[in-house]
Amino acid sequence: MTTLDVLRAGARPFARPAHRRAARLVRPLAGYLMVLPALGVLVLFYYVPAILLFVISFFHYHLGGAGTSFAGLDNFRVLFDQPLFWSSLAVSGYYVLVMVPATVVISLALAMLVRDGVRRQVQGRRRRGRGGVTQALVFLPHVTPLVATSIVWIWLFNPQFGLVDYVLRAFTSSPPNWLYSTNYSMPAIMVYSLWHSVGFYMVLFLAGLSSVPDRVLEAARVEGVTGFRALRRVILPLITPTLYLVSVLATINTMQAFSQIYTLSGGAHGHGGGPAFSTTTDALLIYQTAFTYNHFSLAAAMSLMLFAILVALTLLQRWGFSKLVFYR
């Protein structure tokens, strides 16, 4: 057997067995070394704090470790006896029940409005202006800083010289007191949150709508299925995976909302959560318990409760969508 025959057979006549064994060891090791920096950041800033939070929730923890003692389930018993904890869960539930359906409906409606422009871009018939500019304008609020834009909206909701009340005075002599009212403070926060977040979910719906085959829509149009009937019977069944994704993401993000609520409900209304705890959500109460009242163990227990609630809501949505989601 000649050397040429050996090369044609795919063998390596000059490679030693020891070198091949070393190559098998070095290649996987090189891959692990490349992901090690990112993995280190993930472990240091996500997994380690999560483990510490779980441990602290079963202790009477004091900052610095001095006087820390095992508490068992005492922290959870204290939470169940606190009316403010249940009140914060009720406020969070109200916020989620309004925000999630509103987010799905508004973001889907916006996606439907600009989908023709997206379709032209995908098919290579881009027109200057409308489609891309509309998407950029709707998506732009999502990439703006939460705290900075929240401060701007505090000025917009100002009852004396705010733009919102200035416009409403053309229709009513007594516009709402917005952030200073227990009845209107949470709706005002919802308006801001929708303005800031629907652009992101609109992009997700645009991705789902772009995957709907044109021939299906054309066949429905030929059969006389147009307008709302086409949306309900043709489009929605084909984008159920996107509906499921948006619903889960909106629920998780809404339940964990903090920055806009703390900023919009702070200042003259108290240090976040005012007035009269009308905007004190569970996430905001966790922050106040830990960093205002220095009860880190109670805050850790509340965090575990919030995590359990999010897992339960996600499983409930998965069960609810299990017979509706259609994967093509």
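Details
- Of the helices (runs of 4 or more DSSP H) entirely within segment 1-91, those holding at least 2 residues that are modelled with pLDDT under 90 occupy 3-8, 17-42.
- Any hit, segment 242-253, residues being touching a Gly at 6+ places or on another chain (Cβ under 7 Å), farther than 25 Å from TRP86 by Cβ and of a type outside the set (A, V, I, L, M): yes
- Of note, LEU231 satisfies the criterion of being more than 23 Å from the chain's Cα centre (by Cα), among the hydrophobic types (A, V, I, L, M, F, W, C) and assigned to a helix (DSSP H, G or I).
- Of all residues assigned to segment 190-204, none qualifies as being touching a residue at least 12 places away in the same chain (Cβ under 8 Å) and outside any helix (DSSP H, G or I).
- Segment 40-57, subset hydrophobic (A, V, I, L, M, F, W, C) and open to solvent by less than 90 Å² (accessible area, probe 1.4 Å), residue farthest from ALA301 (Cα to Cα): VAL41
- Every listed requirement among (1) open to solvent by 20 Å² or more (accessible area, probe 1.4 Å); (2) modelled with pLDDT of 90 or more; (3) closer than 26 Å to PHE228 by Cβ; (4) of a type outside the set (Gly, Ala, Ser) is met by VAL122 save one, (2).
- Just so you know, in segment 158-186 the residues that are part of a helix (DSSP H, G or I) and touching a residue at least 24 places away in the same chain (Cβ under 8 Å) include one that is most open to solvent (accessible area, probe 1.4 Å), and it is TYR180.
Let's see how each residue does on (1) more than 30 Å from PRO237 (Cβ to Cβ); (2) of a type in the set (Phe, Trp, Tyr); (3) open to solvent by 80 Å² or more (accessible area, probe 1.4 Å); (4) in contact with a helix residue (DSSP H, G or I) (Cβ under 9 Å, 6 or more places away or on another chain):
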residue: SER278; (1), (2), (3), (4): yes, no, no, yes
residue: LEU284; (1), (2), (3), (4): yes, no, no, yes
residue: ASN294; (1), (2), (3), (4): yes, no, yes, no
residue: SER297; (1), (2), (3), (4): yes, no, no, yes
residue: SER303; (1), (2), (3), (4): yes, no, no, yes
residue: LEU313; (1), (2), (3), (4): no, no, no, yes
residue: GLN317; (1), (2), (3), (4): no, no, no, yes
residue: PHE321; (1), (2), (3), (4): no, yes, no, yes
residue: PHE326; (1), (2), (3), (4): no, yes, yes, yes
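- Residue that is modelled with the lowest pLDDT [pool: residues in segment 283-307 that are of a type outside the set (Ser, Thr, Tyr) and not in a helix (DSSP H, G or I)]: ASN294
- So VAL133, is it at pLDDT below 90, part of a helix (DSSP H, G or I) and open to solvent by less than 60 Å² (accessible area, probe 1.4 Å): no
- THR280 farther than 21 Å from LEU194 by Cα, more than 18 Å from the chain's Cα centre (by Cα) and at pLDDT 90 or above: no
- Condition check for ARG215 on (1) surrounded by 12 or more Cβ atoms within 10 Å (Cβ to Cβ); (2) more than 26 Å from the chain's Cα centre (by Cα); (3) not acidic (Asp, Glu): one failure, at (1).
- Test for LEU206: is it more than 16 Å from VAL100 (Cβ to Cβ), in contact with a Lys or Arg (Cβ under 7 Å, 6 or more places away or on another chain) and either among the acidic types (Asp, Glu) or at pLDDT 85 or above (or both): yes
The values are calculated or read from the model by the stated rules, or taken from the named source; none is laboratory data. Bear in mind that the values here come from a model prediction, so they are computed numbers and not experimental data. Note that each Cβ is placed from the backbone with ideal geometry, even for glycine, and that neighbours are counted across all protein chains shown. Protein only, heavy atoms only, side chains kept; ligands, DNA and RNA dropped before computing areas. Shrake-Rupley method; radii C 1.70, N 1.55, O 1.52, S 1.80 Å.
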